[in-house]
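A quick write-up on the structure given underneath.
The values are calculated or read from the model by the stated rules, or taken from the named source; none is laboratory data. Model, not experiment: these values are computed from the prediction. In this analysis, Cβ positions are derived from the backbone assuming ideal geometry, glycine residues included, and neighbour counts consider all displayed protein chains. Only protein heavy atoms, including side chains, enter the accessible area calculation; ligands, DNA and RNA are left aside. Shrake-Rupley method; radii C 1.70, N 1.55, O 1.52, S 1.80 Å.
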Amino acid sequence: MTRSILLGPPGSGKGTQAQRLANLYQIPHISTGDLLREAVANETELGKKAKEYMDSGNLVPDETILGMVRDRLDQPDAKAGWILDGFPRSVSQAEFLDKLLQEISQELDIAINLDVPDDIVVSRMLGRGRADDNEETIRRRLEVYREQTAPTIDYYSDRDKLVSVDGDRDVDEVTAALQAAIAS
Ligand code: ADP
């Protein structure tokens, strides 16, 4: 069982790797991006609020995200552990998660930073063709990543929870390195 966070820039392969780890450990892969895209597709109130932020590459405001994460971590299947992908995406979200985990008596095992150079993430995103994968939005998402998300790396490093893994390798090699990090 593990409770792990995958950090890393957009396009770093977090989603693919988180899904593989979730299958290996038989625990839920909790992706705030996937939860938001599902809400947008189902045209829920939450989805309607989130859409414009996602389309422009900006962060969806905390008031929309935090309750969504709380509800998901509260589900029975999350008792067995989880892999968080795309959350936390800012220091304020990391602080929220700490408080939430304390409330529900769970402890984070590890935050793994999936390290991939900028030019690689841009070419990967341009190749996958998701609705928000156009050049302008990609540029904005990288900016948001540097300004708001990268500081969470220090947040977890200061708390001795951080491990970095080189994500610029063959998919299977990255999965093996992530498993080793979780086992350490
Ligand atoms: P990527 O895999 O490219 O990082 P995601 O699927 O994680 O993309 O997220 C897509 C979009 O959803 C983000 O650009 C953002 O608008 C929104 N989003 C996802 N997670 C969060 C979050 N934790 N806080 C705020 N916005 C989020």
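Points to keep in mind about this one:
- Charge dipole of region 31-184 (Cα centre as origin; +1 on each Lys and Arg Cβ, -1 on each Asp and Glu Cβ, all else neutral): 280 debye, rounded to the nearest 20.
- For the set Tyr145, Tyr25, Tyr156, solvent exposure ranked by accessible area (probe 1.4 Å, protein chains only) runs largest to smallest as Tyr25, Tyr145, Tyr156.
- In units of the compact-protein estimate 2.2 N^0.38 Å, region 1-88 shows a Cα radius of gyration of 1.08.
- Candidates Ile153, Ile120, Ile83: whichever shows maximal mean-square fluctuation once the chain is modelled as a Gaussian network with Cα springs under 10 Å: Ile120
- Charge dipole of the chain about the Cα centre (unit charges at C-beta), most positive-ward option of Ile30, Gly13, Phe96: Ile30
- Radius ratio Rg over Rh of region 72-184, counting only Cα atoms, Kirkwood formula for Rh: 0.98
- Within a Gaussian network of the chain (alpha carbon springs, distance under 10 Å), most fluctuating of Lys99, Lys49, Lys161: Lys99
- If only the Cβ of Lys and Arg carry +1 and only the Cβ of Asp and Glu carry -1, the dipole of region 46-116 around its Cα centre is close to 260 debye.
- With contacts taken as Cα pairs under 8 Å and at least 6 residues apart, the chain reaches a relative contact order of 34 percent.
- GluC sites (Glu not before Pro) within region 44-148: DSSP coil, no more than 16 neighbouring Cβ in 10 Å: Glu107
- Heavy-atom accessible surface of region 1-46: percent carbon and sulfur, 1.4 Å: 47 percent
- Most fluctuating residue given options Asp170, Asp85, Asp77, as computed from a GNM of the chain linking Cα atoms under 10 Å: Asp170
- For region 43-103, average projected area of the Cα convex hull in nm²: 4.7 nm²
- Whole-Å distance, taken between Cα centres, linking region 117-147 and region 13-89: 19 Å
- The residues of region 50-145 present an accessible area of 49 Å² per residue when probed at 1.4 Å with all protein chains retained.
- When the chain is described by a simple charge dipole with +1 on each Lys and Arg Cβ and -1 on each Asp and Glu Cβ, the residue from Ala180, Met1, Leu114 located farthest towards its positive end is Met1.
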